[in-house]
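Visitor: This is the structure I have questions about; it appears just below.
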Amino acid sequence: MSMPAKRVSIGELTFDSHFSCGNGYDFTEIAPGHYRFWTRAGSALYSWRFFFRILSPGDGREIILEAADFNHAGRTVWNESAAVRSTDREHWRDIGQENISVTDYTPGDPPLPYGDSGHIPYGVRCTVRLDAPEVWVAVPVPFTPKDRDRLFTGLAAAHPEYVRQEAPGETYHSNETGHPVTGMELTDFSIPPERKIRCVVIAGEHPSESAGMYACRGMMEALADRRELLRTFDFHFVPIVNIDGVCSGRSYHNTIPGGDDIGYNISMDYEKTEYPETRYIYGLVEKIRPHFFLRLHNGRHRDRFECFVNGEYKHTRFIEELGKALTIPLDPPRESNDREMWVRRHCGTPVVMTFETLLLRKNPPFMEWKESYLSVGRELLDGITNGLNAVKTQLNKEAEHESDL
Ligand SMILES: [Zn+2]
């Protein structure tokens, strides 16, 4: 199979996803001003994202962009409302539900096998005005390794005494992409770790879930300014776990070298720890022996926050405080799945939580997705730290190692 084209010129327009994290292939004009493209990278089984730029005379013309091959539950205009546009790749504004419609799926050539029966293929049309020579379009707002590294550099420059970068970890493709999996610790280093509540927070196990990655950034930026929290908490963050998947424009799975590039789901690998990313996370957990392990994802179809936590903390003040800090309601917690509970069983982590931030509902009063996603992180920081403080006695009792909170 030949590689799909990532840069195509049609008349006065050029469609280009030939850059790190870009996604959008084989653009064709199917009617005047109506351009169809495919989004599944390689033989990926799932896709619900795109990210590319359009070069044009910038004369204000309107075009229809049609993603031919999405698949996800939902398939309504609301489910597609995280689509955004930008003229500087920095500030992203809604394309707007009034400019989006859902249409039939168009198979590529050759047609590739699809994910599963719960993810029925469909197409999405967005009307976009080309009012600048360079217009970027994406769904959802991208969070790239560049964003991660800029976040780390910014925090290190502003708060050198409170941050330390974790040792990076190689992935299958980090030599090609130049982006290892890595993280950052934020704490007051003058206080020994055994006197603090230790937390590991990860995001981006699924490459398209940028709302969770922005929430991670929001937590980090808010924490860096909270002297009192830095004295009592020791936080370790890994904002993009699936760095290979993010770089290659995947939606869900990671990629393995060569051969079958359907890839793998990092979230399924906590028990086997077969893959470099999961081993990296496990290495951190074993080293830090956290009281709290949090995985940030984002719901692609939810309109309330949802979380999964182990039974020992489901009906405690931890959840109560978390709920209080959030503007949008939190559903009653569900039980953590057996795979992620591996972390508790093997490393004695008292609280293991998955939190589904929201991709499709803005936190009031924010008008832009990115600002809203960041604000969720700030609320989470309050909720989590208040909540963990409220169950400190239980945490102390449960932590199998020397803790003196
Ligand atoms: Zn996810």
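Visitor: Residue-wise, which Karplus ³J(HN,Hα) couplings in Hz belong to the range 45-53, taking 6.51 cos²θ - 1.76 cosθ + 1.60, θ = phi - 60°, and x for glycine or proline?
Guide: Computed from phi, the couplings for the range 45-53 are 7, 10, 7, 8, 9, 9, 6, 7, 10 Hz.
Visitor: Going by average Cβ neighbours within 10 Å, how do the peptides 15-23, 171-179 rank, with the highest at the top?
Guide: 15-23, 171-179
Visitor: Report the Cα centroid-to-centroid distance between the range 3-20 and the range 273-299 in angstrom, as an integer.
Guide: 37
Visitor: Can you work out ³J(HN,Hα) from phi for every residue in the range 327-335, in order, using Karplus 6.51 cos²θ - 1.76 cosθ + 1.60 and θ = phi - 60°, giving whole Hz and x for Gly and Pro?
Guide: 6, 7, x, 9, 5, x, x, 9, 6
Visitor: Okay, moving on. Rg to Rh for the range 47-96: what is it, with Cα atoms only and Rh by Kirkwood?
Guide: Details: Rg = 12.5 Å, Rh = 12.8 Å.
My calculation puts Rg/Rh at 0.98.
Visitor: Follow-up question, since we're still on this one. For the pair residue 153 and residue 271, how long in nm is the line joining their label points, each one 7 Å along Cα→Cβ?
Guide: Going from the residue 153 label point to the residue 271 one covers 4.3 nm.
Visitor: Can you give the convex hull volume per residue for the Cα atoms of the chain, as a whole number of Å³? Don't skip to the answer; put the middle values down first.
Guide: On the way: hull volume 54.2 nm³, N = 405.
Taking the convex hull of the Cα positions in the chain, it is 134 Å³ per residue.
Visitor: What angle do you read, to the nearest 10 degrees and between 0 and 90, between the alpha-carbon axis of helix 145-158 and the longest principal axis of the chain?
Guide: Taking Cα atoms only, the helix is inclined about 40 degrees.
Visitor: Continuing with this model, one more query. Divide by every residue of the chain the summed helix terms, -39500 (n - 2.57) for each DSSP H run of at least 4, and state the resulting mean residue ellipticity at 222 nm, rounded to the nearest 500 deg cm²/dmol. Kindly include the intermediate steps, with their values, before the conclusion.
Guide: Working: 11 runs with 105 residues, N = 405.
Roughly -7500 deg cm²/dmol at 222 nm, from the helical runs in the chain.
Visitor: Order 154-162, 245-253, 70-78 from most to least packed using the mean count of other Cβ atoms within 10 Å.
Guide: My ranking of the peptides, most packed first, is 245-253, 70-78, 154-162.
Visitor: Shifting gears a bit: Quick check on the range 19-59: what does the Kirkwood estimate of hydrodynamic radius come out to from the alpha carbon pairs, in Å?
Guide: Details: mean 1/r = 0.0848 Å⁻¹.
Mean inverse Cα-Cα distance, inverted, gives 11.8 Å.
Visitor: Using alpha carbons only, how many angstrom separate the centre of the range 118-139 from the centre of the range 24-43?
Guide: 10
Visitor: Would you mind checking the pairs 146/397; 287/370; 6/370; 370/397; 196/324; 272/314 and listing those with alpha carbons more than 30 angstrom apart?
Guide: On the way: 146/397 41 Å; 287/370 33 Å; 6/370 26 Å; 370/397 39 Å; 196/324 23 Å; 272/314 26 Å.
Result: 146/397; 287/370; 370/397 exceed 30 Å.
Visitor: HN-Hα J couplings of the range 358-363 from phi, Karplus 6.51/-1.76/1.60, θ = phi - 60°, integer Hz, Gly and Pro as x?
Guide: 10, 8, 10, 9, 7, 6
Visitor: Something else now. If you average the alpha carbon positions of the range 78-101 and of the range 363-403, how far apart do those two centres end up, in angstrom?
Guide: Using only Cα atoms, the two centres lie 29 Å from each other.
Visitor: If you don't mind, there's one more thing I want to ask. May I have the pair-distance distribution P(r) for the range 75-146, computed from all Cα-Cα distances with 5 Å bins from 0 and rounded to whole percent?
Guide: Reading upward from the zero bin: 3, 14, 20, 19, 17, 15, 8, 2, 0.
Visitor: List the relative contact order of the chain as a percent without decimals, with contacts defined as Cα pairs under 8 Å and 6+ residues apart.
Guide: 15
Visitor: Shifting gears a bit: Evaluate the charge dipole of the chain about its Cα centre and quote only its size in Debye, nearest 20, assuming +1 on the Cβ of each Lys and Arg and -1 on the Cβ of each Asp and Glu.
Guide: Using only the charged Cβ atoms, the result is roughly 580 debye.
Visitor: For the range 7-139, divide the Cα radius of gyration by the Kirkwood radius and give the resulting Rg/Rh value with two decimals.
Guide: Answer for the range 7-139: 0.94.
Visitor: Can you tell me the order of 208-220, 321-333 when each peptide is scored by its average per-residue count of other Cβ atoms within 10 angstrom, highest first?
Guide: 208-220, 321-333
Visitor: Report the antiparallel proportion of the DSSP beta bridges in the chain as a percent, rounded to a multiple of 5.
Guide: Details: 48 of 74 bridges.
Bridges in the chain that DSSP calls antiparallel: roughly 65 percent.
Visitor: Going by a ≥ b ≥ c, the root eigenvalues of the Cα gyration tensor, does the range 226-383 fall in the rounded group (a/c under 1.5), the prolate group (a/b larger than b/c) or the oblate group?
Guide: Here the range 226-383 falls in the oblate category.
Visitor: If you take every DSSP beta bridge whose two residues both sit in the range 7-139, what share of them, in percent to the nearest 5, is antiparallel?
Guide: So the antiparallel bridges amount to about 90 percent of the total.
Each value in this text was obtained by applying a stated rule to the coordinates, not by laboratory testing. Model, not experiment: these values are computed from the prediction. Every residue, glycine as well, gets a Cβ built from its backbone with ideal geometry; the counts of neighbours run over all protein chains shown.
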